[in-house]
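Before any comments, here is the structure.
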Amino acid sequence: MADYDFQDIETRWQKRWADEGAFEVHEDPGKPKYYCLEMLPYPSGNIHVGHVRNYCITDVISRSKTMRGFNVMHPIGWDALGLPAENAAIQRGIHPEKWTRENIAGMKRQLQRLGFSYPWSREIATCDAEYYHWNQWFFLRMLEKGIAYRANSPVNWCPSCQTVLANEQAEGGICWRCKHQVQQRDMEQWFLRITGYQDELLDDMAELDHWPERVLVQQKNWVGKSPGAEVDFPVDGLEPIRIFTTRVDTIYGATFMVLAPEHPMVDTLLEGAPDAAARKERIARLRAQDRRARLEGQVDKEGVFTGRHATNPYSGEKIPIWVGNFVLMGYGTGAIMSVPAHDERDLEFARKYGLDVRVVVQPEGPELDGATLEEAYDGEGRVVNSGPFDGLPSEEAIPKMAAWAEEKGFGKATITYRLKDWLISRQRYWGTPIPVVYCDKDGVVPVPDEQLPVVLPPDAPFTGEGGNPLEKVPAFVNATCPRCGGAARRETDTMDTFVDSSWYFYRYLSPHKDDGPADTDAVKYWFPIDLYVGGIEHAILHLVYSRFWTKMMRDLGLVDLNEPVVRLFPQGMVHRHGEVMSKSKGNTIAPDDVVARYGADTLRLYILFAAPPELPMEWSESGIEGPHRFLLRVWRLVDRHAAAFSTEPLAEVPAELPPAARDLRRKVHQTIARVTRDIEERIQLNTAVAALMELVNEIYRLEEQVAEGPGRPGLREALETVIRLLNPFTPHICEEMWTRLGHRETLVRTAWPVFDEEAAREDEIELAVQVNGKVRGRITVAREAGEETVKAKALEVVAEHLEGKQVKKVLIVPGRLVSVVVK
RNA sequence: GCUGGUGUAGCCCAACUGGCAGAGGCAGCCGACUUAAAAUCGGCACAGUGUGGGUUCGAGCCCCACCACCAGCACCA
C-alpha cells in the first residue's frame, strides 16, 4: 500500500498548478462568469487561522464553480500600506517598505502552501506606486467635482497613532486600530464628501437583498437619517438659538432649552448674567467630563442655568436656557428644546432641577398630568395645549407645524444625519501622498495627471519623535507650483489606507493598466462581484467606503453599477478556549505547524467541517483528528482499487443492478445533490463534508459486495464521485488519487459529477405510523404505492392500538408518515 | 434598555416547506485483528431539543412570556 505522504503530494501538486498556471483566467464571453472575492490581508507578517478560514470558504466555492463550468475570478492581493509598517521602522529600524515586502513574501509562501486557487499574475500590493498612482488620480477627479475638499473642523486625533482619524474609525471615542482614546482637535484636513451619497447609501440597500440583515442594520444606524425640523428661538439682544427636533409637534410643551457645553453661544449668553463667573466654572467642569462617557451616556445628567431666557416662537413664552452635559455638539445644532412630558431624557433633567412638565400630546386613555408624570410619553396622540394646532393627531401636526415655521420665517423641515464626511488625511509616512502643493501665490494647486504618481521618498527619517517623517524630507516637500512655476510646499499628509481597499477589486481585473485605474470592458464582464467573504468588523468601515467609491466611480463614468457586491458573506471568527483567537490574547494557532503535522488538506477540511461558516468556530486540538482520519480512510479505499481501475477500460454502470450496487448508486447520486446544494446555495460547507463522510462509510459497507460482477462499474463511479466532490475541499490528495485512477487531466479541468435524479430515487419507502401523535409502528411500501394501499397497511400494523376506538381521521404525509387520529 | 443571532448527547454539530430527534466528527464502551499495544475494521450506548405556556392529528421548527450566552446599537434631540 502507498503511504499518504501529504508533504510530498501537496508540494508536488502546488508546483504543477503553478507550472501550468492552472488558475489564471481571462474574459471569456462563452462562459458564465463568477467573481469570488475575499478580503485582502494586511501583510502583518503571518497568515493566521482567521484568514485561513476566510480563504478556505472562497477556495471551495471557486474550485467547485470552476468544475461546474464557470469562468471564475478568485484573486488575492495585499493591503500593504498602513501604520504597523511604520511602527516597525521606528522600533526596529527596518524601512516600512522592506518590512512590508518581506512580510508579503512570507505570507505568500504560506498561502501557496495551503493550495489556494489564485491567479497569481493578478496579485496586487497597494504599496506599489503603480497602484497608489490611481488613488491619487481618483483624488484629483474628486477634487475637480468638489467631492474632495479641505476644511477646518473638530477632528479625532489619536495620540498613540499620531494622526487624525475618520469619525467611523474613532467610534465611541476609541481608535479602531490601537484602542486608545482619541482627542478632539480643531485642524484643517482633507475630506471626501460621502454625505453627498448618504441617501443613496440608504436607498440602494433595497438592491442588497443577498446581504445579511445585521450588516445593513449597522450601516443604516451609522448613516443615522433622522427627519425633523429646525426652529430658531429668539434671545433678547442676541442671535437666536437654533435647535433641531424630530418632534416639532411637542414644541408647545418646551419648558426650557439646553445647549451643549461646547455650544459657541454659551459664553455670549453668560455675559451679563448674574454670577457669570461661577456659572462659567461649572460649565467648564461639564466640558471636562470624559468625552467617551458623555457620548455613551455613562455620566449622570447635569446642567447649569445660564440665567438667560429665550422665546418659544410658537407660544411666545419665555423659557430658561440651560447648559447640559447630555446635549452633544456633534449632532444636530448642539442645542435642543426640552419637552420633559414627552422625552425621557428631558423628564429626568426636569425632575432633577425642578423644571415645569407640560403635557401637549394626549394618547388614548386616561389624561396625562405633567405634575405627576413618572414616565415621559413619547408616542403619538392628539395635540393639546398647543394653540391653533389643538386636536390634530401628532403625525399630522408635525408637517403642519414645520410648514408654519417656514411661513413665518423662524424654521423649516430638515433632515439630520449622523454620518459625517470621510476624513482621509493622515499625518503619517506609509500611505498614498495626497497630490497637491501649496503655493503662496496660487494657493492649493493639484498635481497634474501627467506628474503622477507622487512617489513616497525612500529616505525619510523614522525617529518616532512625532510629526510626519515626510516633513523632514526637503526633496519631497520642496516642489514647484504647476501653475506659476514658483516655489511651493508639497502636501505631506497621506491618505487613509481605507482608500486603498475601497476599489482594489476593480484593479485585479487589469492590475498593470497604466492609463487608468480599471479596464472598462473587464469591469463589464466581471462585475458585480458575485460573492464577497470576509470579517463583519468592516460593516461600517470598508463596506460603506466601498459602496460609496463605486457610486463615485459611476458618477465619473467609469462603471455602470450602483453596488459592487451582490452577495456578502461574513464568516465567523475562530475561537480557542472560548475566546476569540488573537495575538493579544496569546491563543493563536500557527497554520504552518498544523500543515507540518497534518498537511494543508487536513487543515482545510477541519476548518470547514468544524462549524457552519457563518458561526464562530471553536478550535480544538482533538477535533482535527477526525478529518485527518477521514482522508486516510479515503486514501486507503482508493489505494485498494487504483491499480486495477487505472488499467481497466471505463464501463457504463448498467441500468439493472443487484441490490447492493443499486443502494450504492443511489447514495452516490443523493450525495451529489446534497454536496452541490450545500456548497452553492447554502454555503453550508460543514454539512457538505458530513455528506461525503456518509458516502465513504457507505462505500466501505458495500465495497466487498460490489467489487466484482455487474456492480463493479458502480464502485468506480462511487470512488470517482467522492474524489471530484471532495476536490474543492482537499485538492491535493484528490488530484493524487485521480491520477492514480489513471486520469491524465487535472481535476481543475475536470467537470463536476452530474446528478441523475432517477438513480437517486428510493424504490421503497419506510413510513412511520402514528396513533394520536405517537409512533406505534412502521410500514414499508413501494415508492409509487397508492394512498389506499398505504392506509390499509398502516391500519393493519397498528390494529392493536385501534381496538375499541373510533378512527376519526387518517393523514398521509407522502414519503414521511401516516398519522391516525382515534377517539 | 433596544435590535438581531444562538441554545439539540460529555463536546463540536445535523434535522429540506411543522412529519419517526441523529447525518458527520471528537471523546467513551464492546468485539475482530495483534504476543501485546497503537493503527485499522465492525459494532454499541448516551439527549427528548434552555424554561413555562399556547396553536396543531403532530412542534427542535410556528405564537406568547421568560432565562443564558454572543454581536450590534444606545443621552443622536
*aspartates and glutamates within cross-link reach of A:Lys805: Cα-Cα under 16 Å, excluding same-chain residues under 8 positions apart?*
A:Glu796
_Quick check: with the 1.4 Å probe, what order do A:Met552, A:Met581, A:Met573 take by accessible area, largest first?_
A:Met573, A:Met581, A:Met552
*Could you state the accessible area per residue of region A:83-148 in Å², with a 1.4 Å probe and every protein chain left in place?*
36 Å²
*asked:* Highest mean first, how do A:636-643, A:796-803, A:405-412 rank when packing is the count of other Cβ atoms within 10 Å averaged over residues?
replied: A:636-643, A:405-412, A:796-803
*Hey, can you grab everything whose amide H is under 5 Å from the amide H of A:Gly307? Only 5+ residues off in sequence or another chain; H modelled, so Pro and N-termini drop out.*
A:Ile321
*Report the relative contact order of region A:495-643, percent, no decimals, based on alpha-carbon pairs under 8 angstrom and at least 6 residues apart.*
19 percent
_Overall form of region A:208-300 per C-alpha gyration tensor (a/c, 1.5; a/b vs b/c)_ = oblate
*Accessible area per residue of region A:621-760 at 1.4 Å probe, in Å²?*
42 Å²
*One-quarter of the Cα convex hull surface for region A:489-568, in nm²?*
6.6 nm²
_Relative packing of peptides A:31-43, A:740-752 - highest average C-beta neighbours within 10 Å first_ = A:31-43, A:740-752
*asked:* How tilted is helix A:83-92 with respect to the longest principal axis of chain A? Cα atoms for both, answer in degrees (0 to 90, nearest 10).
replied: 90 degrees
*asked:* Spelling out what I want: for every residue of region A:188-202, take phi, set θ = phi - 60°, compute 6.51 cos²θ - 1.76 cosθ + 1.60 (Karplus), and round to whole Hz; glycine and proline get x.
replied: 8, 9, 8, 10, 10, 7, 5, 5, x, 10, 4, 5, 5, 4, 6
*Given 0.36 nm per residue, what is the gain on full extension from A:Val821 to A:Ala792 after removing their alpha carbon distance, in nm?*
9.0 nm
*When the distances between all Cα atoms of region A:226-416 are binned every 10 Å from zero, what whole-number percent does each bin get?*
9, 37, 37, 15, 2
*Quick one: compute the contact order of chain A, relative version, from alpha carbon pairs under 8 angstrom and 6+ residues apart, as a percent.*
14 percent
*Mind checking the angle between helix A:659-677 and chain A's longest principal axis? C-alpha axes, 0 to 90 degrees, to the nearest 10.*
20 degrees
*Bins of 10 Å from zero: percent of alpha-carbon pairs in region A:128-255*: 10, 21, 34, 26, 7, 2, 0
*asked:* Quick check: from the Cα gyration tensor, does chain A come out rounded (a/c under 1.5), prolate or oblate?
replied: oblate
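Assigning unit charges at the beta carbon (Lys, Arg +1; Asp, Glu -1) and nothing else, what dipole magnitude in debye, to the nearest 20, does region A:621-760 show about its Cα centre? All intermediate terms of the calculation are to be shown ahead of the outcome.
Details: 18 positive and 23 negative charges, 33 e Å.
My answer is approximately 160 debye.
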*Express the Stokes-Einstein translational diffusion coefficient of region A:1-129 in µm² s⁻¹, to the nearest whole number, given a Kirkwood radius over alpha-carbon pairs, 20 °C and a viscosity of 1.002 mPa s.*
132 µm²/s
*Relative contact order (%) - criterion: Cα under 8 Å, at least six apart; region: region A:226-416*: 28 percent
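Under the classification rounded if a/c is under 1.5, otherwise prolate if a/b is larger than b/c and oblate if not, where does region A:1-58 fall, given a ≥ b ≥ c as square roots of the Cα gyration tensor eigenvalues?
Oblate shape, in that a/c is at least 1.5 and b/c is the bigger or equal ratio.
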*Taking the Cα atoms only, what angle lies between the long axis of helix A:129-144 and the longest principal axis of chain A, rounded to 10 degrees?*
40 degrees
*Would you mind checking A:Lys108/A:Lys583; A:Lys145/A:Lys583; A:Lys280/A:Lys318; A:Lys400/A:Lys551; A:Lys225/A:Lys400 for any pair whose Cα atoms are more than 32 angstrom apart?*
A:Lys145/A:Lys583; A:Lys400/A:Lys551
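Enter the accessible area per residue of region A:356-500 (Å², integer; probe 1.4 Å; all protein chains in place).
Value returned for region A:356-500: 49 Å² of accessible area per residue.
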*Among A:Gly224, A:Pro154, A:Trp211, whose Cα sits farthest toward the positive end of the charge dipole of region A:106-241 (+1 at Cβ of Lys/Arg, -1 at Cβ of Asp/Glu, about the Cα centre)?*
A:Trp211
*Charge dipole of region A:696-751 about the Cα centre (unit charges at C-beta), most positive-ward option of A:Ile699, A:Ala751, A:Pro710*: A:Ala751
*asked:* Among A:278-289, A:351-362, how do they line up by average Cβ neighbours within 10 Å per residue, starting with the highest?
replied: A:351-362, A:278-289
*So what are region A:764-822's ellipsoid semi-axes, whole angstrom, largest first, if each one is the square root of 5 times an eigenvalue of the alpha-carbon gyration tensor?*
18, 10, 10
*Using a 1.4 Å probe and counting only protein heavy atoms, arrange A:Thr311, A:Thr100 so the residue with the most accessible area comes first.*
A:Thr311, A:Thr100
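Counting only protein heavy atoms and using a 1.4 Å probe, what share of the accessible area of chain A belongs to carbon plus sulfur, as a whole percent?
Working: 17540 of 35840 Å².
Looking at chain A in its full context, I get 49 percent from C and S.
The values are calculated or read from the model by the stated rules, or taken from the named source; none is laboratory data. From a predicted model like this one, the values you see are computed outputs, not experimental measurements. Glycine gets a Cβ as well: all are built from the backbone with ideal geometry, and neighbour counts include every protein chain shown. Remember, those area values only see protein heavy atoms, side chains included, never the ligands or the DNA or RNA. Shrake-Rupley method; radii C 1.70, N 1.55, O 1.52, S 1.80 Å.
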